[in-house]
2 protein chains.
Amino acid sequence: MGRPARFTKTGLIDAATTLSARLGPARVTVAGIAREAGAPVGSVYHRYPSQGALLAEVWLAAAERFQSAALALVAKARNEDDAVECALVTPRFVRSDHATAVVLMTHRRDDFLSPGIPKEYRDRAAKLAADMRTGLATAAARLLPSDPRGREKLAVALIGIPLGAVRIFLPQAVPPPEIDATIAAAVRAALKAP
Amino acid sequence: MGRPARFTKTGLIDAATTLSARLGPARVTVAGIAREAGAPVGSVYHRYPSQGALLAEVWLAAAERFQSAALALVAKARNEDDAVECALVTPRFVRSDHATAVVLMTHRRDDFLSPGIPKEYRDRAAKLAADMRTGLATAAARLLPSDPRGREKLAVALIGIPLGAVRIFLPQAVPPPEIDATIAAAVRAALKAP
DNA sequence: ATAGTATTTGAATATATATTCTAGAACTAA
DNA sequence: TTAGTTCTAGAATATATATTCAAATACTAT
């Protein structure tokens, strides 16, 4: 079986996520990740082929976590109240995992997907985008039938508005509980708007 | 008077803004800025002491432009209709200057303000934040009197919601005109929410 | 003309950091 | 105990790119 591992992929991703949230992905160094994880740099390269691959994992892990939570509710949404619950996933996510939320909500995807990474990572990112697209499209067919821009409107209401609302407080602070009511009201209005 | 200048500060800022929007500030190199501006690297250093200083100018120029447009309307806002006009500054700004908007709305301030830049830049950034703060505070006293969280709510409604709405389309696309009505409805609801 | 000055120009250098590499350590199986 | 395997460990190396610098250039003023 070989020598037991002291450092796991998850531990390295967590360290890199923490640093990415604190400094932004551009200022994250391999030496910094190693220090944060309590590991030597060699052990980072034992798990990941490059810094770019690890940063890609950081973003993909964050996006997959958020998106699975959001799309689970979107798939079930049948009425306006359900839609509001979808929108509230965002502020709750920020409160439950601040660093991951900062990674996801204050940077662009491509700040984490460097040009040279293996195709595998790009494929995972493309799948995420496609899943979001179809999830919103099917929900739009139910919630906003006969609206040709239904998917777009749903994206703005369920993702954009809550994102913007919490973005005011990131990266330093946490969105206060009171804004959930503001988000809810805004989302209802956005869905009813012509 | 000396040899006439072929390259201006503005030209370099524009080139750096274009590249920042296309690649993100992390992948902007001095050589790349020089190429985009049609200048040799030495001329970049003749205008700015460092790459960090130039990137700081990029963000400050973008933020000052957006904020002066927004706060001009915020200062005059007397009713809900005026507040909606304030919120619509954001999508209009995106349509009028896409690259600058991408700089401002898809990155963090500190991705452009590197740790080592001269204090002057940090002071300008602090002044911007302070101006926004007081501008929103005085508007909140008028638009949402007796609401202890008025300034916060106004920030969410006038900045956060429109930002999130356009963010769905950035950095690649431009927000379609139809979303202005969605933003307007969401903002009115957010301001009325308890 | 000549001197003075601001600017351009791009090759040379410095520096930060990603990546590699060799050695050794800690386990399992036989 | 030995061989095989996987991982730790961090110093050595490679590389990308920021920065410096020494001319050269194009203007103004005298």
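Cα-based radius of gyration for the stretch B:1-52, normalised by 2.2 N^0.38 Å, reads 1.10. For residue A:127, the lysines whose Cα comes closer than 24 Å to its Cα, not counting residues fewer than 8 places off in the same chain, are A:9, A:76, A:119, A:153.
Between copies, the label points of residue B:79, set 7 Å from Cα on the Cα→Cβ line, lie 3.5 nm apart, reported in increasing order to one decimal in nanometres. For the protein assembly as shown, the residue among B:145, A:7, B:132 whose Cα projects farthest onto the positive side of the dipole built from Cβ charges is A:7. Residue-normalised convex hull volume from the C-alpha trace of the stretch A:1-109: 119 Å³ per residue. The HN-Hα couplings worked out from phi for the stretch B:93-107 by the Karplus form 6.51 cos²θ - 1.76 cosθ + 1.60 (θ = phi - 60°) are 4, 4, 6, 7, 8, 4, 4, 4, 5, 4, 3, 6, 10, 10, 9 Hz, whole numbers, x standing for Gly and Pro. Of the two radii for the stretch B:114-194, the radius of gyration is 1.09 times the Kirkwood radius, both from the alpha carbons; that is the Rg over Rh value.
Scanning chain B for the beta carbon that comes closest to the axis linking it by rotation to A yields B:164, 1, distance in whole angstrom. Ellipticity at 222 nm from helices only: DSSP H runs of n ≥ 4 in chain A, each -39500 (n - 2.57), divided by the residue count, give -22000 deg cm²/dmol. Basic side chains Lys and Arg get +1 at the Cβ, acidic Asp and Glu get -1 at the Cβ, and with that the dipole of chain A about its Cα centre reaches some 380 debye.
Each other copy places its own label point for residue A:2 at 6.1 nm from this one, sorted shortest first, where the point lies 7 Å along the Cα-to-beta carbon line. Spin-label pair residue A:80-residue A:146: with each label point 7 Å from Cα along the Cα-Cβ axis, the two points sit 1.7 nm from one another. Couplings 3J(HN,Hα) of the stretch B:35-45, computed from phi: 4, 4, 8, x, 10, x, 4, x, 5, 5, 6 Hz, in residue order, whole Hz [Karplus 6.51 cos²θ - 1.76 cosθ + 1.60, θ = phi - 60°; x for Gly and Pro].
Across the stretch B:141-151, computed HN-Hα scalar couplings (Karplus, 6.51 cos²θ - 1.76 cosθ + 1.60, θ = phi - 60°) run 4, 7, 7, 10, x, 6, 9, x, 9, x, 5 Hz from first to last residue, x flagging Gly and Pro.
What percentage of all Cα-Cα pairs in the protein assembly as shown are separated by more than 29 Å? Walk me through the numbers before you get to the answer.
On the way: 34698 of 75078 pairs.
Of all Cα-Cα pairs in the protein assembly as shown, 46 percent lie more than 29 Å apart.
The equivalent ellipsoid of the stretch A:48-194 has semi-axes of 28, 19, 11 Å, largest first, where each one is the square root of 5 times an eigenvalue of the Cα gyration tensor. Sorted from shortest to longest, the distances between the residue B:131 label points of this copy and the other copies are 4.4 nm, with each point 7 Å from Cα along the line through the beta carbon.
Read-outs throughout are calculated quantities, based only on the coordinates presented, and are distinct from any laboratory measurement. Since this is a predicted model, take the numbers as computed values, not measurements. Here Cβ is always computed from backbone atoms with ideal geometry, including for glycine, and neighbour counts include all displayed protein chains.
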